[in-house]
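All remarks here apply to the structure that follows.
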Amino acid sequence: MEADTFGVLGAVTARRGPDVLALRGPRHRAVLARLILSRRRVVPVARLVADLWEAPPPRAVGAVRTFVGDLRRALEPDRPPRAPARLLVTEGPGYALRAAPDAVDAWRFEAAVTEADRLPAAQAPERLREALGEWRGPAYAEFGTEDWARGERSRLTELRLRAVERRAELLVELGRAAEAVPDLDAHLTEHPWREESWRLLALALYRTGRQADALAVLRRARALLAGRLGIDPGPRLRRLEAGILAQDPDLDPPGEPADAAARLWARTTEAYDRTVAAGARARLESTVGLLRSLAVTGGGGLEAAREHRLTAVRAAEETGDAELTARVIGAYDVPANWTRGDDPELARGIVAAAERALVALPEDPTADAARCRLLATVALESRGVRAPRGPRAAAEAEEIARRLDDPALLAFALNGVFMQSCTRAGLAPRRDAIGAELTALGSRHGLVNHEVLGHLIRLQARAALADLTAADEHARTVDRLAERHERPLVAVFTAWYRALREAVSAGASPDASDGSHDSAEAAYRSAAARLDGAGMPGLERGLLPLALLGLRLARGRPAQVDPRADWGPYRPWAEPFALLAEGRHTEARGALRALPEPPPDLLYEALCCAEAALALDLGDRSALRRTYDRLLPAAGELAGAGSGLLTFGPVDGWLAAIRRALDA
């Protein structure tokens with residue numbers, strides 16, 4: 001007799017040979033789907049009841065038993081009465097489907113993807129093509145709205161999309177780029193938001209001698225992303241476009257990875273794909289460790305780490321093991337010194353997963369370290385968000401870490417405390433103390449990443465406090481550490497700090513014709529060029545135009561705002577200046593009054609000064625009083641210099657100008 005097979009990559013089906021088995025009603029198929037999803041593990045009857053009904057009827061348990069009985073008759077029609085079931089079995093508190101490893105299309109698909117990763121590159125595309133042939137439609141198609149299916153549907157869909165892209169990537173690298181073009185075109189018709197697919201399609205066209213078509217594809221991607229999502233293409237697409245225009249030889253098929261970052265990327269991709277495909281618990285934590293190492297390489301490594309991180313967390317959640325999930329979330333303790341996130345959606349997903357894990361962790365002292373890491377993660381990923389949860393999580397994480405007397409844990413917790421230390425102006429001394437403790441911890445216990453972080457934080461804090469001599473020393477020290485330990489992202493921040501130094505000199509010069517302003521602008525533009533490809537959009541977007549605005553205002557010059565520039569998150573503070581320049585005073589005043597309080601990040605004081613400049617130009621007394629109160633705690637500081645990147649000049653100068661306007 002032919003064995004039963006099951007399908008979930010499309011509508012849920014059961015077959016015996018070529019024949020489709022009748023499964024009766026939708027709840028019968030739901031029970032079968034729920035058991036398949038559990039991968040031969042027992043699903044308790046109570047769990048089935050909860051998944052099948054929002055409000056279970058009085059005889060829900062009996063109904064589930066009826067569905068199981070009907071399924072058994074369909075799946076094992078020749079089983080003698082009272083003989084034990086061999087396929088849909090009763091075990092303990094529930095049921096399990098003991099299907100063979102190759103009996104479910106989703107399982108075959110995942111096994112094939114895993115096998116393709118182990119094959120020589122020349123053989124892998126064909127194996128991936130066979131794997132993708134298993135798909136008949138959306139996974140668990142008729143159960144798309146069910147909570148119990150949502151995570152598995154997302155996981156399988158993402159694995160499928162990555163398999164399509166991986167096959168295309170292999171074909172391009174093998175010199176078979178023309179074969180990849182039709183599949184990528186069809187793939188992008190259904191999934192136009194996949195930037196990696198746009199990149200691969202353009203690269204495939206370029207490698208087949210179709211340079212104009214490749215550039216047209218990149219223009220389509222730019223128009224779609226900007227027109228529908230309001231975002232610019234990511235650094236990889238931008239770099240590819242520049243490379244095609246320059247006919248960069250690096251776009252030729254690459255050889256074996258040569259440098260450390262490339263080798264690490266290869267290891268990470270392999271470990272990540274194996275982990276997601278196989279759901280192996282033991283590899284989840286090691287994969288996150290590789291992602292953590294990859295993140296500090298910057299650029300593509302940082303982007304790749306962000307791309308894979310949430311999927312690894314979701315894979316851990318699917319195991320149902322809260323402590324494993326906590327370890328996977330907490331293992332990504334990558335130091336961060338910029339208080340605005342690069343990917344808000346990813347951050348929300350990580351915070352939500354961490355909060356779920358916190359609820360599920362046992363109330364046991366042995367779980368305190370995991371709890372601390374989860375709380376620190378919540379604090380870090382809530383950066384730049386004005387809500388009480390972030391500061392509260394940071395304080396709780398610090399308390400646990402100090403009680404456990406664990407240096408690495410304390411360093412991670414202090415990073416969270418730092419991220420929540422920008423809730424108002426004038427907190428640079430607090431951040432300086434955090435940086436000092438991190439520097440000492442890192443030096444004493446060999447925590448290089450956090451020693452680097454401590455020096456960067458102190459650089460920012462001392463700059464805010466106008467102690468540029470000390471800030472200079474931290475910049476020199478952190479550059480030496482970065483060179484010794486291969487931390488390329490550090491140079492981005494120290495280049496911006498040196499531009500800030502030029503800006504301070506320009507602001508101090510009484511002679512506008514001495515060239516210091518031009519020198520500072522050139523330094524800012526040079527620093528901004530380092531951000532291209534650094535993998536930090538949360539830092540990059542809007543930073544250069546804001547720095548140039550601060551440079552002009554610090555010198556007492558009129559604001560010159562180009563509304564076409566990419567102001568990113570700072571556009572609400574830029575648009576009123578543009579309206580004012582056009583003589584639209586009423587609209588400018590309305591825009592000024594609609595300004596929110598600046599977000600709790602390192603540019604809080606800078607944005608307060610931008611608002612003060614608008615209020616001074618418009619003579620808006622209520623806005624002047626508001627900005628005065630917000631800036632007053634930062635008296636004696638350099639506005640914006642707490643970022644370590646830019647400045648709007650001395651806070652005292654702004655306070656004096658506001659007082660004069662209010663007294664007039």
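Once the Cα atoms are used to define both axes, helix 428-445 deviates from the longest principal axis of the chain by about 60 degrees.
Extension gain, Glu363 to Ala635, is 93.4 nm, computed as 0.36 nm per intervening residue step minus the present C-alpha separation. With the Kirkwood sum run over all distinct C-alpha pairs, the chain has a hydrodynamic radius of 27.9 Å. Between Arg129 and Gln560, the distance separating the two model label sites (each 7 Å from Cα on the Cα→Cβ line) works out to 5.8 nm.
Suppose all protein chains stay in the model; what accessible area per residue would a 1.4 Å probe give for the range 395-503, in Å²? Numbers along the way, then the final one.
Values: 4110 Å² over 109 residues.
So the range 395-503 comes to 38 Å² accessible per residue, rounded to a whole number.
Hey, what angle do you get for helix 621-631 against the long axis of the chain, alpha-carbon based, 0 to 90 degrees rounded to 10? Its long axis makes an angle of about 80 degrees. Using the Cβ-Cβ distance between Arg238 and Arg59 with R0 set to 41 Å, the FRET efficiency from 1/(1 + (r/R0)^6) comes to roughly 0.10. Taken as Cα centroids, the range 200-228 and the range 107-151 sit 27 Å apart, rounded to the nearest whole angstrom. Taking every protein chain into account, the 1.4 Å probe leaves Trp567 with about 10 Å² of accessible area, to the nearest ten. From the alpha carbon centroid of the range 462-499 to that of the range 327-404 is 27 Å.
If you rank Trp53, Trp198 by how much accessible surface each has, with a 1.4 Å probe, what is the order from largest down? Mind dumping the intermediate values first?
Values: Trp53 35, Trp198 10 Å².
Putting Trp53, Trp198 in descending order of accessible area: Trp53, Trp198.
Surface composition of the chain: carbon plus sulfur atoms hold 51% of the accessible area, using a 1.4 angstrom probe and ignoring ligands, DNA and RNA.
I'd like to check one number: the per residue accessible area of the range 195-253, probe 1.4 Å, reported in Å² as a whole number.
Heavy-atom SASA per residue in the range 195-253 reads 50 Å².
Distance between the pseudo-spin-label points of Ala226 and Leu174 (7 Å out from Cα toward the beta carbon): 3.7 nm.
Here Ala529 and Arg476 are evaluated by their C-beta separation; at R0 = 30 Å the FRET efficiency comes out at 0.85. Between Ala111 and Ala581, what FRET efficiency follows from the Cβ-Cβ distance if R0 is 45 Å, with the result rounded to 0.05? That pair, Ala111 with Ala581, gives E of 0.10.
Counting only protein heavy atoms and a 1.4 Å probe, the range 1-157 has 51 square angstrom of accessible area per residue. When shorter helices are ignored and each DSSP H run of at least 4 residues is given -39500 (n - 2.57), the per-residue value for the chain at 222 nm works out to -20500 deg cm²/dmol. For the range 47-108, the relative contact order is 16 percent, taking Cα pairs closer than 8 Å that sit 6 or more residues apart in sequence and dividing their mean separation by the residue count. The 3J(HN,Hα) values that the Karplus relation (6.51, -1.76, 1.60; θ = phi - 60°) gives for the range 208-221 are, in residue order, 9, x, 10, 4, 4, 5, 4, 5, 5, 4, 5, 5, 4, 4 Hz. Gly and Pro appear as x. When each of the peptides 217-224, 85-92 is scored by how many other beta carbons lie within 10 Å of its residues on average, the order from highest to lowest is 217-224, 85-92. Roughly how many whole Å is it from the C-alpha centroid of the range 24-70 to that of the range 306-321? Centre-to-centre (Cα) distance: 26 Å.
The values are calculated or read from the model by the stated rules, or taken from the named source; none is laboratory data. Note that the coordinates shown come from a computational prediction; the quantities given were computed from them, not determined experimentally. Here Cβ is always computed from backbone atoms with ideal geometry, including for glycine, and neighbour counts include all displayed protein chains. With ligands, DNA and RNA removed, areas are computed over all heavy atoms of the protein, side chains included. Shrake-Rupley method; radii C 1.70, N 1.55, O 1.52, S 1.80 Å.
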